[in-house]
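**Q** For reference, the structure I am asking about is given below.
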Amino acid sequence: MAEDVTQTLRAKDQALLDAIAPGNVKVWDEALASGAVYVDENGVIIDRAAFLKQLTPLPAGASGTLVISSYQATLHGAVATVIHTDDETENYHGQTLKAQYLSTETWQKTQNDWKLLQVHTYAVLKDPPTQKLSENELDTYVGRYSAGDLVYTLHLEGDRLIGQRGGGPPVEWNAELRDVFFITGDPRIRRIFQRDASGKITGFVDRRESWDLVWKKTG
């Protein structure tokens, strides 16, 4: 029975994804419960009427597909919770763009069919491409930094910039751009160096979304 429900809901979800690019409102209108809520990848909470209103075809020059790559449904009586991952391929004015989304959903069994009560979609973050910097460029970042009673050190190992916080494990810093670094597997955070008017490095910030933890260079 649970396997049948999973197959049924997966087929419904794929149909909903297929309906996004052409702006097929009917498919979503039939699936959404009367009080359904959609939370999009930007954290915007959208009620049923507003979601259906903004569901329009992709503009000229854009086309794309969304394909479910993993799917998990758990049955709780007349309610099913779902987690699925979707891979997007978009052709945008001759260029191919990729993205991945993770969605959690709540479905409820009615007398005639399953209805979608809530969706929360999250854009899965990926590590950006790495920019190769010379050893001389990397050497300018070497030093000791502090944030209150916290200490962070940066040093070179060949052509690799290695960071270590206190007695924690050493990790490689990868350049996304000059003065902007990331650590593999931690795409939410950027390390952004700050400079004075003469170009001398004064510190860096750990930026998670719009919040900064400030580190001052002390050595």
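The values are calculated or read from the model by the stated rules, or taken from the named source; none is laboratory data. Everything quoted here is computed from the prediction, not taken from an experiment. Backbone-built Cβ (ideal geometry, glycine too); neighbour counts: all protein chains shown.
**Q** From Leu213, Leu133, which residue is touching a strand residue (DSSP E or B) at 6+ places or on another chain (Cβ under 6 Å), within 30 Å of Val39 (Cβ to Cβ) and either modelled with pLDDT under 95 or surrounded by 11 or more Cβ atoms within 10 Å (Cβ to Cβ) (or both)?
**A** Exactly one of Leu213, Leu133 is touching a strand residue (DSSP E or B) at 6+ places or on another chain (Cβ under 6 Å), within 30 Å of Val39 (Cβ to Cβ) and either modelled with pLDDT under 95 or surrounded by 11 or more Cβ atoms within 10 Å (Cβ to Cβ) (or both), namely Leu213.
**Q** Could you list all residues from the range 177-218 that are on the phi > 0 side of the Ramachandran plot and in contact (Cβ under 8 Å) with a residue 12 or more places away in the chain?
**A** Of everything in the range 177-218, those that are on the phi > 0 side of the Ramachandran plot and in contact (Cβ under 8 Å) with a residue 12 or more places away in the chain turn out to be Asp179, Gly185, Gly203, Glu209.
**Q** While we're looking at this one, here's another question. Got a sec? Which of Arg190, Arg208 is within 24 Å of the chain's Cα centre (by Cα), buried (at least 17 other Cβ atoms within 10 Å of the Cβ) and more than 18 Å from Val151 (Cβ to Cβ)?
**A** When all the criteria are applied, what remains is Arg190.
**Q** Report, ordered by the first and then the second residue, all pairs with beta carbons closer than 7 Å, sequence separation of six or more or different chains, a first member in the range 27-51 that is touching a residue at least 24 places away in the same chain (Cβ under 8 Å) and more than 10 Å from Lys115 (Cα to Cα), and a second member that is surrounded by fewer than 17 Cβ atoms within 10 Å (Cβ to Cβ) and acidic (Asp, Glu).
**A** Cβ pairs passing all conditions: Val37/Asp47.
**Q** Based on this model, can you work out whether Tyr145 counts as part of a loop (DSSP other than H, G, I, E, B), touching a strand residue (DSSP E or B) at 6+ places or on another chain (Cβ under 9 Å), over 30 Å from Ala11 (Cβ atoms) and of a type outside the set (Gly, Ala, Ser)?
**A** So Tyr145 does not fit the description; no.
**Q** Among the listed residues Ala50, Ala11, Ala33, identify the single one that is over 27 Å from His93 (Cα atoms), touching a strand residue (DSSP E or B) at 6+ places or on another chain (Cβ under 6 Å) and either assigned by TED's automatic domain parsing to the domain that holds Gln108 or not β-branched (Val, Ile, Thr) (or both).
**A** Ala33
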